[in-house]
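Everything below concerns the one structure shown next.
Please treat every number below as a calculation from the coordinates, not as lab data. Every value quoted in this text rests on a predicted model; they were computed, and no experiment measured them. Backbone-built Cβ (ideal geometry, glycine too); neighbour counts: all protein chains shown.
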Amino acid sequence: MEKIDIRSLQLEQLKEYITSLGAKPFVAGQVYTWLHQKTVDSFDEMTNISKSLREKLAGECVISTVSIRKKQVSTDGTIKYLYQLADGNCVETVLMRYEHGNSICVSCQVGCRMGCTFCASTQHGKVRDLTAGEILAQLYRTEKDIGERVSNIVMMGIGEPLDNFDNSIAFIRIISSPEGKNISQRNISLSTCGIVPKIYELAQLKLGITLSISLHATTTAKRKVTMPVTNAYSVEELIKACRDYTKITGRRISFEYTMIRGVNDSDEDAQQLADLLRGMISHVNLIPLNPVDGSPYTQSDDRAIRTFQKKLTNLHVNATIRRRLGQDISAACGQLRNENR
Ligand code: SAH
């Protein structure tokens, strides 16, 4: 019989399971606390749980964990982990230190099948989805390693969260639960390349998270060149979904726009971007393209980026330029990989 992935269960599911074993519902709360607050990796450590139940759980369940295969520390303090999963696959996780606290960038898939031409994470396709427990374990392991709390989460590592919808949502619900790490949904960002039907599905859940859209181009024709997902959903459909999302949830959307020299950084691009976003509560994050081996693109120069930002501001679009962290250890946006190299 396949073992139960106990770290991926939400509290209600855990209650159902634990009571089915004949234990009281409050015991499920205790086990959940061990798994998600004290973040232990074995049943032996759950000292207030009866020995017989612990043995039963150990026989029927696994607790997802990750182990550090490699760790690199940047001159700016950013840490990149190569985490190994139980089956030997690896993903990368990045810890960023800000004045307001520690922020973690988690991966949600081994590889990615979205095929964006400027991104390292997708170069070898997708191997598999991560479970909620494996996404959680990245944060738990990182907190133990640094001996500090993580207060912000960006789902911007390897993979496409909306292509692993249920596990990504379970992750958000568990990490924000008061009986778990209790990280406010306000401090969680989920980034997507724009899988339109899933944006509507997400809107219905009315989570408090921030939705980030990786836009990077302002017309369907142009976006198709760098982001194949546009073959399935046009820019118009994507923007309509974003407008609907803000109406349904009341939440501001953040748009990521990677600046690629000669590709999307012209005056006309800025104008088209402003036209697209007109009237929507939004924020634009300009990201200077980070170098990726095997990619034909180069980053826009600083002046072009500032001019672009200024043009947006003049057109009443709220835009900031993202700070580049961890570039010396290839831990910046689009540089994460699932290989050990
Ligand atoms: N699949 C999701 C989550 C990944 S987030 C998404 O597409 O949003 C990673 C962010 O980095 C995305 O906004 C992505 O478009 C951006 N990115 C990818 N390659 C990059 C590069 N070379 N330089 C800068 N940003 C890049």
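For an R0 of 30 angstrom, estimate the FRET efficiency from the Cβ-Cβ distance between T220 and N89 and round to the nearest 0.05. Each step should come with its number before you reach the end.
Numbers: r = 35 Å, r/R0 = 1.15.
Efficiency computed from Cβ-Cβ geometry: 0.30.
For segment 86-203, what are the per-bin percents of Cα-Cα distances with bins 10 Å wide, up to the bin holding the maximum?
P(r) over segment 86-203, rounded to whole percents: 13, 47, 33, 7, 0.
What list of ³J(HN,Hα) couplings, whole Hz, do you get for segment 326-333 from phi and the Karplus terms 6.51, -1.76, 1.60, once you set θ to phi - 60° and write x for glycine and proline?
x, 5, 5, 10, 6, 10, 7, 3
So which residue, out of I174, I153, I49, gets the largest mean-square fluctuation from a GNM of the chain using Cα contacts under 10 Å as springs?
Its mean-square fluctuation being the largest, the pick is I49.
Counting every Cα pair in segment 245-341, what percent are over 23 Å apart?
Numbers: 1528 of 4656 pairs.
Value for segment 245-341 (Cα pairs over 23 Å): 33 percent.
Under a point-charge model restricted to the Cβ atoms of Lys and Arg (+1) and Asp and Glu (-1), what is the dipole moment magnitude of segment 116-196 relative to its Cα centre, in debye to the nearest 20? Each step should come with its number before you reach the end.
On the way: 8 positive and 9 negative charges, 24 e Å.
Once rounded to the nearest 20, the dipole reads 120 debye.
Using +1 on the beta carbon of Lys and Arg, -1 on that of Asp and Glu, and nothing else charged, what's the dipole of the chain about the Cα centre, debye to 20? Before the final figure, lay out each step's value.
Values: 43 positive and 37 negative charges, 105 e Å.
Dipole about the Cα centre, nearest 20: 500 debye.
Using the Karplus curve 6.51 cos²θ - 1.76 cosθ + 1.60 with θ = phi - 60°, what ³J(HN,Hα) values do you get for each residue of segment 13-26, in whole Hz, with x for Gly and Pro?
Rounded to whole hertz, the list is 5, 5, 4, 4, 5, 5, 5, 5, 8, x, 8, 6, x, 5.
Treat each spin label as a single point 7 Å out from the Cα along the C-beta direction, and report the D244 to T47 distance in nm.
About 5.4 nm, to one decimal.
Run lengths n ≥ 4 of DSSP H only: what is the helix-derived mean residue ellipticity at 222 nm for the chain, with -39500 (n - 2.57) per run over all residues, to the nearest 500?
Numbers: 10 runs with 114 residues, N = 341.
Helix contribution divided over all residues of the chain: -10000 deg cm²/dmol.
Quote to one decimal, in nm, the extra length available between E236 and A58 on full extension: 0.36 nm per residue of separation minus the C-alpha distance between them.
Details: separation 178, 0.36 × 178 = 64.08 nm, distance 5.08 nm.
Extra length from E236 to A58 when fully extended: 59.0 nm.
P(r) of segment 4-62 in 10 Å steps, Cα pairs, percent per bin?
24, 68, 7
Give, in nm to one decimal, the length gained when the segment between L205 and K70 is fully stretched (0.36 nm per residue of separation minus the Cα-Cα distance). List each step's numbers first, then the result.
Details: separation 135, 0.36 × 135 = 48.60 nm, distance 3.65 nm.
The L205-K70 span can extend by a further 45.0 nm.
As an exercise, find the ratio Rg/Rh for the chain from alpha-carbon atoms, using the Kirkwood inverse-distance average for Rh. Kindly include the intermediate steps, with their values, before the conclusion.
On the way: Rg = 20.8 Å, Rh = 20.9 Å.
That ratio equals 0.99.
To the nearest 10 degrees, how steep is helix 302-314 against the longest Cα principal axis of the chain, on a 0 to 90 scale?
Around 90 degrees separate the two axes.
How far is it, in nm, from the label point at R322 to the one at E148 when both lie 7 Å from their Cα along the line to the Cβ?
2.1
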